[in-house]
Amino acid sequence: MASQIDARRTAFGRLPETCPVEQDADGVWHVRSFAAARQLLRGDQTRQAGFKAELVERLPEKGKTPILFLEGKLHHEQRRLTAPFFTPRAVDTRYRGLMAGLADGVLGRFTAAGRGELSAMGMEMAVGVAAQVVGLTDSRVPGLDRRINAFFAGGLDDTGGRLRRTWSALVAQARLLRFYWLDVRPAIAARRKAPREDVISHLLAGGYKGSEILTECITYAAAGMVTTREFITVCAWHLLENDAVRARYLAADEPARHALLEEILRLEPVVGTLFRRTTAEVALGDDASGGAAIPKGALVAVDLRAVNADPAVSGEAPLTLNPDRCPAHRAGAPVMSFGDGHHRCPGSFLAIQETDIFLMRLLAIPGLRLERDPKVGWNDLVTGYELREAWLTCDAARDQQASRTSASG
């Protein structure tokens with residue numbers, strides 16, 4: 001694989017490891033083949049161990065386990081009850097108009113200014129959509145996107161001395177409380193008076209308390225807002241720098257556009273690693289490795305970059321962007337970028353559709369240019385990349401000014 005062309009922009013110059021299953025010096029097991037990852041994630045002998053579970057553990061009150069961390073029958077029941085919010089039909093009929101309106105508003109402000117930062121626009125778009133789905137629409141003051149961003153950008157710092165760790169925890173708690181009082185609590189109050197078709201109304205009907213709803217909002221925010229912002233940004237980056245792929249995208253019908261976006265996501269998965277904790281010994285059979293027996297209680301890291309680049313599923317040249325790629329084993333175009341098994345991301349249709357709606361409008365703006373490549377950083381929360389300082393410019397504002405000058409003359 002070292003001799004192949006690498007079209008990725010977020011890999012930090014590192015090629016994927018190729019050993020299908022192995023244990024490192026710290027005792028963590030790493031899964032990198034598609035076959036082993038599918039076997040592990042579709043089994044019932046693991047539980048969730050990622051997405052910063054300590055953020056939930058440190059909440060002052062303990063109550064119902066968040067849906068993200070549920071297992072077994074309880075998880076299946078909650079997924080069944082929340083599934084109607086995320087089906088392709090629901091996404092298309094309920095949220096298409098909302099997405100179009102949000103994109104028009106975000107990009108209208110960009111064209112008026114003539115310059116804007118892509119990841120900030122993506123965050124505004126992602127927060128606007130997810131807020132409607134979840135029910136965070138009654139905030140006391142504007143700025144939900146900034147509060148979400150501040151909360152997850154800070155995270156929890158468990159390094160350094162005791163004073164530093166304590167201060168980090170206090171800052172995180174302050175941000176958490178601000179999010180609760182300004183955004184979550186008003187949403188709960190509004191839906192107690194008049195329930196709606198959203199997640200918070202569903203949770204209230206299920207007897208969830210305020211602190212439990214807060215926890216769910218945190219997990220939905222992590223999964224639906226932070227990751228979609230990066231997806232929008234990385235797709236725009238690829239399309240803006242590749243004239244042929246951009247032309248093909250703009251000329252395609254919606255299913256073909258969605259497939260192309262999914263191929264970009266396969267190449268650049270936003271969530272880089274899925275963590276699981278084994279609840280029993282797990283025997284992973286893999287032809288290349290001869291199999292491995294992972295003991296009960298072990299931490300397992302599923303490397304989605306490596307899994308998505310496994311030639312057994314992605315075929316030839318897996319590190320290149322190929323709009324005609326057809327992954328094997330009925331994996332789907334994004335392979336495992338949305339996870340797999342019973343914890344597969346339920347919002348995949350939502351993310352693809354809102355990204356497509358935003359990008360079709362963005363790429364139609366006259367004179368659209370990317371000033372320079374975005375800065376690629378790391379986000380511990382999603383164990384993946386984050387793209388910042390992706391400044392865009394356009395000719396729309398200049399053309400409008402020229403038209404006004406001509407008219408006045």
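Would you compute, from DSSP H runs of 4+ residues alone, the mean residue ellipticity of the chain at 222 nm, taking -39500 (n - 2.57) per run and dividing by the full residue count, rounded to the nearest 500?
Counting only the DSSP helices, I get -15000 deg cm²/dmol.
Can you list the residues, at least 5 places off or on another chain, whose amide H is less than 5 Å from the amide H of residue 273, using H built in the peptide plane?
Counting only residues 5 or more places away or on other chains, the set is 304.
Could you calculate the contour length gain from residue 388 to residue 25, that is, 0.36 nm times the residue separation minus the distance between their Cα atoms, to one decimal place in nm?
Additional length available on full extension: 127.3 nm.
Counting only pairs 8 or more residues apart or on different chains, how many lysine pairs in segment 21-408 have their Cα atoms under 30 Å apart?
Lysine pairs satisfying the spacing and distance rule in segment 21-408 number 17.
What's the ranking of 79-87, 265-273 by average number of surrounding C-beta atoms within 10 Å, highest first?
265-273, 79-87
So for 28, 134, fewest C-beta neighbours within 10 Å to most, what's the order?
28, 134
Given a cut-off of under 8 Å on Cα pairs at least six residues apart, what relative contact order in percent is computed for the chain?
Relative contact order for the chain comes out at 28 percent.
Note down the relative contact order for segment 297-384 as a percent, whole number, built from C-alpha pairs under 8 angstrom at least six residues apart.
16
In the chain, what is the volume of the convex hull around the alpha carbon atoms, normalised per residue and reported in Å³? Walk me through the intermediate numbers first.
Working: hull volume 68.6 nm³, N = 409.
Roughly 168 Å³ of hull volume per residue.
Evaluate segment 75-181: find the radius of gyration of its Cα atoms, find its Kirkwood radius, and give the ratio Rg to Rh. The partial results should precede the final answer.
On the way: Rg = 17.7 Å, Rh = 16.5 Å.
With Rh from the inverse mean 1/r over Cα pairs, Rg/Rh is 1.07.
Bear in mind that the values in this text are calculations on the coordinates, not laboratory data. Not measured: the values here are computed from a predicted model. FYI the Cβ positions are ideal-geometry reconstructions off the backbone, even for glycines, and counts take in every protein chain you see.
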